[in-house]
Amino acid sequence: AWAIDMQNFSVFGSIGPSSFAKLTIEDSLYASNINVHGDIGVGAFYGCSLNQGSFVMSGATIHGDIMNMAFSTMFLLSTDGVLDFSRSFVNGSILNNSFALGTISGNVDWSHSVIVGDLKEASFNATRFLSNVDMRNITVKGNLQKNAFVRSYIAGSLDLSGANFFNSFNFANLSISGNFYMNNTIFPLQGVSTLTFGGTVVGGSVSLSRSSIRVIAKNAFYEAVVFGNLDMSDCSFSIIQPHAFDNLNVFGMVALSGSSFGSNTLQPLLFTGLRANALFLQGCRLQTIAVNAQRGPFFGLGLIAADSSLPVLDLTNNNISVIQKNAFVGVGAWNVTLNNNQITILEDGWSQSMSAALSLSMENNPSVCRLTNENIICVCSSKAQVRGTGSYCGVAPCLFYS
């Protein structure tokens, strides 16, 4: 066929199994605003090939499910073509292998769509998206199940900004060459669960900024790799479990600036297993860097060396007043910035494990410490009457700050 026009059709029942299977279309299939009162049946568009144009089902209403293999092994060959399901409403679920094994050369658009049921496991199994996938403002009321995108590959970017997930969601084992946008996304109350991003590989950056993430579970990013930056700024976290970022590799920076943490505290083992070039925690209203059993939040923090410059740990513009012993265990030769806090007490051993190659900045604090000739020298606040030995500000004599 040259082209098929099904725009504004009403199908009083289902689109039957294999109805358009292995059909070759030279130009496009237009089915925008189609109203299907049943399912899109098993293999309905299986093996369908579009040589030059687009597959358009924008504004569709599907009262049932998109069944197994409904669109599997679809080939959309033109880079100018679009697989368009934008503004669609699916009252059921997208079942296993519905879009499996396809090759989509052009862009994919699921933006502003609503899926009442689930995106089942392997629904996009091993699909090759050779351009961008747009899922902005999509609503999934069911579950986006584990491995829904298993072995899938996106050559462009995946945009889920503004998405609304009512229940669980999972992007484990997804490979994206471009960027992964999830900023301004509404997450369920249980937050980011274990292995949600397990094994995910992103060639660009990941943005989760300004999203409603309350909880990040242990191993949420286990074995994920981000070759750009991970931006989680301006979020409100209630609980981030120990080892939440374990075995996450970020070749750029991890930014949590402007985010809030439960009890305004960085809990022990928070960043254990994270490997990055920079960690930004600016303006988070932090008051406490907690330590337990000689281990603080940076214990096991690692470095991915991108160049010869020092990695950055930036805690500027917080409300930290006391730095406990072992607070920075795990921070070796890093560029540590603690400017514009309320730091008065630095317990004996606060700088333990810090390397002589460290760069330290503590401007605009009541007590100020500097690195001089490979030694840390502190000038303590006179107003608080704290004392120290010169390397900390606690209970023994030291120089007073004037």
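Assorted remarks:
- Global geometry of segment 203-244, whether rounded, prolate or oblate, following the gyration tensor of its Cα atoms and the 1.5 cut on a/c: oblate
- Averaging the Cα positions of each part gives two centres, and for segment 174-204 and segment 1-28 these lie 34 Å apart.
- Taking label points 7 Å from Cα along the Cα-to-Cβ direction, I186 and A290 give a separation of 3.0 nm.
- The charge dipole of the chain, taken about its Cα centre with unit charges on the Cβ of Lys, Arg, Asp and Glu (plus for the first two, minus for the last two), comes to roughly 1020 debye.
- Among (i) 89, 37, 30; (ii) 75, 51, 38; (iii) 68, 57, 40, the entry that matches Cα extents along the principal axes in Å as calculated here: (i)
- Extension gain, D5 back to S353 (0.36 nm per residue minus Cα-Cα distance, nm): 118.4 nm
- Accessible surface area normalised per residue over the chain is 38 Å², counting heavy atoms of protein chains with a 1.4 Å rolling probe.
- Accessible surface for F89 stands near 70 Å², nearest 10, in the context of the full protein assembly shown (1.4 Å probe).
- Residue list for segment 119-136, given a label point 7 angstrom along the Cα-to-Cβ vector of N167 and an amide N cut-off under 20 Å: 119-125
- Centre separation in Å (Cα based) which lies between segment 50-101 and segment 220-281: 35
- Rounded is the label for segment 227-376, because the ratio a/c of its alpha-carbon gyration tensor axes (a ≥ b ≥ c) stays below 1.5.
- Shown for the chain: the carbon plus sulfur share of the solvent-accessible area, taken with all protein chains present and a 1.4 angstrom probe, equals 49%.
- Antiparallel bridges, percent of DSSP beta bridges restricted to the chain (to nearest 5): 10
- Three-way shape call for segment 219-300 based on the alpha-carbon gyration tensor, with the a/c threshold at 1.5: oblate
- Computed over the chain: relative contact order in percent, which uses C-alpha pairs under 8 Å that are six or more apart: 6
- Gain on full extension, evaluated as 0.36 nm per residue between H37 and Y153 minus their Cα-Cα distance, stands at 38.5 nm.
- Potential lengthening between V116 and S260 on full extension [0.36 nm per residue; Cα-Cα distance subtracted]: 48.7 nm
- Note on the chain: with a GNM built from Cα contacts shorter than 10 Å, the maximum mean-square fluctuation among G16, G252, G198 falls on G16.
- Simple rule: put +1 on each Lys or Arg Cβ and -1 on each Asp or Glu Cβ in the chain, find the dipole, and look at L266, F55, L144; the Cα lying farthest toward the positive end is L266.
- Spatially proximal lysines relative to K325 (Cα-Cα < 20 Å; intrachain offsets below 8 disregarded): none
- S257 contributes an accessible area of around 20 Å² to the protein surface, as traced by a 1.4 Å probe with all chains present.
- Stretch in the chain that is longest and holds no GluC sites (Glu not before Pro) that DSSP places in a loop and that have at most 13 other beta carbons within 10 Å: 27-362
- Loop-located trypsin sites (Lys or Arg not before Pro) in segment 238-312 whose Cβ has at most 15 other Cβ within 10 Å (DSSP): R285
- Paramagnetic reach from S238 (point 7 Å along Cα→Cβ, amide N under 13 Å) across segment 176-197: 187-192
The values are calculated or read from the model by the stated rules, or taken from the named source; none is laboratory data. Everything quoted here is computed from the prediction, not taken from an experiment. Cβ atoms come from the backbone with ideal geometry, glycine included; neighbour counts cover every protein chain shown. Calculation scope for accessible area: heavy atoms of the full protein, side chains included, ligands and nucleic acids excluded. Shrake-Rupley method; radii C 1.70, N 1.55, O 1.52, S 1.80 Å.
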